[in-house]
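Below is one structure, written out as structure tokens; the observations come after it.
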Amino acid sequence: MKLADILSQDCIMPDIKATGKREALEEMVEELAFRFADLNKEKLLEAILERERLGSTGIGYGVAIPHARLKGINSIAVLFGRSIKGVEFQAMDERPAHLFFLIAAPEDSNTAHLKVLARISRLLKDAGVRKRLMEASAQEEIYRIIIEEDGKL
């Protein structure tokens, strides 16, 4: 599954305003729920926060991949967010997170959910990709970088 199959340009947030973890998650969940009618933002936020209680999805290098599986949604929904200032996200390397992929997946989508997580992890493992995403000037450019780089995987 390519990211182009599950990520649309209108699900790119080029400048998250929040600086705290919960506020950043709320901001991204609000936007994703606005874009996907079958997403209940309260249930999604609750599921994301519950997942974060198990351990931070801040994987280091300025990257976080908050994710949850939910009842009642039919397909995987993905949002990319970027924080220029950075968000204290309790990441493994204790550095702020700047690049986020928020994922909401159907409750029974174990395999697809894991494949998406793995694909995003591979994409953001590349320091050059992370740098380009941070330097991009607009939503369209961020989307193009993600799709272009994902096509190389």
Computed on Cα atoms only, the convex hull of the chain has an orientation-averaged projected area in nm² of 7.8 nm²
As straight-line cross-link partners of residue 2, the qualifying lysines (C-alpha separation under 26 Å, not fewer than 8 residues apart within one chain) are 41, 71, 115, 125, 131, 152
Residue-normalised 222 nm signal for the chain, counting each DSSP H run of n ≥ 4 as -39,500 (n - 2.57), nearest 500 deg cm²/dmol, is -14000 deg cm²/dmol
Once phi for every residue in the stretch 62-68 is put through the Karplus expression 6.51 cos²θ - 1.76 cosθ + 1.60 (θ = phi - 60°), the whole-Hz ³J(HN,Hα) values, with Gly and Pro written as x, are x, 10, 9, 10, x, 8, 7
Here the net charge surrounding residue 145, from other residues whose Cβ is less than 14 Å away from its Cβ (Lys, Arg +1; Asp, Glu -1), is -1
The chain: antiparallel bridges as % of DSSP beta bridges, rounded to 5, reads 50 percent
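Only the coordinates and a few stated rules stand behind these numbers; no lab work does. Note that this is a predicted model, so its numbers are computed, not measured. Positions of Cβ are generated from backbone atoms using ideal geometry, with glycine treated the same way; all protein chains shown enter the neighbour counts.
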